[in-house]
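A.B. asks: Below you'll find the structure I mean.
The values are calculated or read from the model by the stated rules, or taken from the named source; none is laboratory data. No experiment lies behind these values; they were computed from the predicted model shown. So basically every Cβ, Gly included, is an ideal-geometry build from the backbone, and we count neighbours across all protein chains shown. The protein model used for the area step is the full one, side chains on, heavy atoms only, and it has no ligands, DNA or RNA in it. Shrake-Rupley method; radii C 1.70, N 1.55, O 1.52, S 1.80 Å.
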Amino acid sequence: MRATVLHGPGDIRLEQRPDPTITAPTDAVVRIAASCVCGSDLWPYRGIESISQPIPMGHEYVGVVDAVGSDVRKIKPGQFVVGSFFASDNTCEICRAGYQSSCLQREYMGNLGAQAELLRVPLADGTLVATPEVPDEDLIPSLLMASDVLGTGWFGAASADIRPGKSVVVVGDGAVGLFAVLAARRFGAERIIVMSRHADRQKLALAHGATEVVTERGDDGVARIRDLTDGLGVHSAVEAVGTQESMLQAIRSTRPSGHVGFVGAPHGVTLSGHELFYSHVHLHGGPAPVRRFLPELIDLIFSRSIDPRKIVDLTLPLDQVAEAYSAMHERRAVKAVLLP
């Protein structure tokens, strides 16, 4: 099969690799219908995360089940499925609490490489969710978003305890931030402020339900949020970037008693215990347990109640994966989808 491999900073290649096979009785093999490049894929691509050897890439995927192991009971060959970026059994005590991304048996799907023609999925019964029927072609990009960035935005909003009538700030205008805006609107927030400096992404945020845009960053951004909220700060903040600046913006823009949901993969983030102690802000987040939200998100997509494909602004064949990475890296694309 053809599969994407990162050899070093900026060096992304499509290579011939062995077809995956069933190696454990709980496995499935999925023929990929679509995958995509995630913002977190850009960390090693940019050299911010170092790698010691070539690694497979991609953790967002939808497709048709090709084969299943002998212990797989719920997932069947021929079904169209959406999978989380963490494999999980969905039965352990942690999974039952709704934190499948910390499953006792979890496996990160990025280590297996979803930007490919085929993918082995461990713990298939717990990881994959079959759609009600084979989706119309126009629904496939939306379902693909549910595999990570849509579910991550949903988790960010849930972690921020967004409630009807409350105010929200979303720090970050990438795919996760834009979907946090969408989730905040679905959760009933009255005011949704997005922090963004990019006109195209501002338009997407407003289309998803944002009510205001703040272009300032750092202390100036915090001051602007305070000005907009009578000096109090917002009730809820979603941090969707993962830098020191974005985390502090989210915390400092939130009022005492408020909630911050942080879902940006952190790089170089350190927090002052003294500042947190006196902020009276609730902090919650981490790798999104996307599997928790998949049934709800699939239903919303199939009923066309939400349209996540709006953020997909670049679709390329798999053999142009290097251009997909380049476009994301250079901010020429918000979300690049790859078709085998």
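A.B. asks: I'm trying to understand the selection: among the residues of segment 127-138, which are touching a strand residue (DSSP E or B) at 6+ places or on another chain (Cβ under 7 Å) and in a helix (DSSP H, G or I)?
C.D. replies: The answer is T127, and nothing else.
A.B. asks: In this structure, does A67 turn out to be more than 20 Å from the chain's Cα centre (by Cα), open to solvent by 10 Å² or more (accessible area, probe 1.4 Å) and within 17 Å of I32 (Cα to Cα)?
C.D. replies: Judged against the criteria, A67 is a match.
A.B. asks: Which residues, taken from segment 111-126, are open to solvent by less than 20 Å² (accessible area, probe 1.4 Å), more than 27 Å from T91 (Cβ to Cβ) and not in a strand (DSSP E or B)?
C.D. replies: Q115
A.B. asks: Restricting to segment 318-340, name every residue that is part of a loop (DSSP other than H, G, I, E, B), touching a residue at least 60 places away in the same chain (Cβ under 8 Å) and surrounded by fewer than 17 Cβ atoms within 10 Å (Cβ to Cβ).
C.D. replies: Hit for segment 318-340 is R331, nothing else.
A.B. asks: Filter segment 90-100 for residues that are open to solvent by less than 50 Å² (accessible area, probe 1.4 Å) and touching a Ser or Thr at 6+ places or on another chain (Cβ under 7 Å); which is farthest from V321 (Cα to Cα)?
C.D. replies: By that ranking, first place goes to C95.
A.B. asks: Name the single residue that is surrounded by the most Cβ atoms within 10 Å (Cβ to Cβ) among those in segment 172-192 being among the small types (G, A, S) and either closer than 17 Å to F262 by Cβ or free of Cβ contacts under 8 Å to residues at least 40 places away in the same chain (or both).
C.D. replies: The extreme case among them is A180.
Yes or no, residue by residue, for (1) touching a His at 6+ places or on another chain (Cβ under 7 Å); (2) closer than 13 Å to V290 by Cα; (3) in contact (Cβ under 8 Å) with a residue 40 or more places away in the chain:
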position: V81; (1), (2), (3): no, no, yes
position: S84; (1), (2), (3): no, yes, yes
position: S101; (1), (2), (3): no, yes, yes
position: R106; (1), (2), (3): no, yes, no
position: G110; (1), (2), (3): yes, no, yes
position: A114; (1), (2), (3): yes, no, yes
position: L119; (1), (2), (3): no, no, yes
position: P122; (1), (2), (3): no, no, yes
position: P132; (1), (2), (3): no, no, yes
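A.B. asks: How many of the residues making up segment 1-57 are polar (S, T, N, Q), open to solvent by 10 Å² or more (accessible area, probe 1.4 Å) and in contact (Cβ under 8 Å) with a residue 24 or more places away in the chain?
C.D. replies: 4
A.B. asks: Among all residue pairs at least 6 apart or on different chains, which show Cβ distances below 7 Å where the first residue, located in segment 290-317, is open to solvent by 50 Å² or more (accessible area, probe 1.4 Å) and the second is assigned to a loop (DSSP other than H, G, I, E, B) and among the aliphatic types (A, V, I, L, M)?
C.D. replies: D313/A333; D313/V334
A.B. asks: Would you point out which residue out of V134, V129, V169 is open to solvent by less than 10 Å² (accessible area, probe 1.4 Å) and of a type in the set (A, V, I, L, M)?
C.D. replies: Residue meeting the stated conditions: V169.
A.B. asks: Considering only strands (runs of 3 or more DSSP E) fully contained in segment 1-107, which possess at least 1 residues that are modelled with pLDDT of 95 or more and within 19 Å of G151 (Cβ to Cβ)?
C.D. replies: 28-37, 61-68, 80-83
A.B. asks: If a residue must be modelled with pLDDT under 95 and under 22 Å from the mean Cα position of the chain (by Cα), how many such residues does segment 246-278 contain?
C.D. replies: Of the residues in that region, 6 qualify.
A.B. asks: Here's something else I'd like to know. Since G242 meets every condition but one in (1) in contact with a Ser or Thr (Cβ under 9 Å, 6 or more places away or on another chain); (2) open to solvent by less than 50 Å² (accessible area, probe 1.4 Å); (3) at pLDDT below 95; (4) farther than 27 Å from S101 by Cβ, which condition does it not meet?
C.D. replies: (4)
A.B. asks: Would you point out which residue out of E93, E60 is over 15 Å from V29 (Cβ atoms) and touching a Cys at 6+ places or on another chain (Cβ under 7 Å)?
C.D. replies: E60
A.B. asks: For Y108, are the conditions met, namely being in contact with a Pro (Cβ under 6 Å, 6 or more places away or on another chain), open to solvent by 50 Å² or more (accessible area, probe 1.4 Å) and either more than 30 Å from Q320 (Cβ to Cβ) or not charged (D, E, K, R) (or both)?
C.D. replies: Judged against the criteria, Y108 is not a match.
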